[in-house]
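Report on one structure; see the data block that follows.
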Amino acid sequence: MTEPQEWYYNTATGEVELGPQSPMQNRLGPYATREDAEKALEIAKKRNKKWEDQDRDWNNWGTDKK
């Protein structure tokens with residue numbers, strides 16, 4: 001049985017790595033595919049926007065603010 005491959009995006013170098021090679025503070029992941037790891041910054045940006053929207057909705061629940 002083979003180990004599942006996990007891909008990471010190194011934020012210091014901008015390179016994609018197979019397996020956790022760089023220090024934790026310099027990587028995003030794991031991702032299931034190399035292609036997803038290559039899009040790590042885009043994925044993180046979309047997730048952050050979604051969470052910010054959810055936080056705003058939560059904090060403004062019951063008010064007229066949006």
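The values are calculated or read from the model by the stated rules, or taken from the named source; none is laboratory data. Keep in mind that this is a model prediction, so the values were computed, not measured. We place every Cβ from the backbone using ideal geometry, glycine too, and count neighbours over all the protein chains shown. Surface accessibility is based on the protein's heavy atoms, side chains included, excluding ligands, DNA and RNA. Shrake-Rupley method; radii C 1.70, N 1.55, O 1.52, S 1.80 Å.
Structure summary
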| item | result |
| --- | --- |
| Linear extension gain, Asp55 paired with Ala12, 0.36 nm per residue minus alpha-carbon span | 12.6 nm |
| Dipole of the chain [Lys/Arg +1, Asp/Glu -1 at C-beta], most positive-end residue of Gln54, Thr11, Pro30 | Gln54 |
| Long-range HN-HN contacts of Glu6 with modeled amide H, under 5 Å | Gly19 |
| Surface per residue (accessible, 1.4 Å probe) for the chain, Å² | 86 Å² |
| Folded to 0 to 90 degrees: helix 40-59 orientation relative to the chain principal axis, Cα | 20 degrees |
| Relative contact order for the chain, counting Cα pairs under 8 Å that sit 6 or more residues apart, in percent | 26 percent |
| Under 5 Å, built H, 5+ apart or other chain: amide partners of Arg27 | Thr11 |
| Accessible-area composition of the chain, carbon plus sulfur, in percent [1.4 Å probe] | 51 percent |
| Alpha carbon Rg of the chain, scaled by the compact-globule rule 2.2 N^0.38 Å | 1.51 |
| Stretch gain in nm, segment Asn26-Lys45, where the contour uses 0.36 nm per residue and the Cα spacing is subtracted | 5.2 nm |
| J(HN,Hα) series, the range 32-39, from Karplus relation 6.51 cos²θ - 1.76 cosθ + 1.60, nearest Hz, glycine and proline x | 6, 10, 4, 4, 5, 5, 5, 9 |
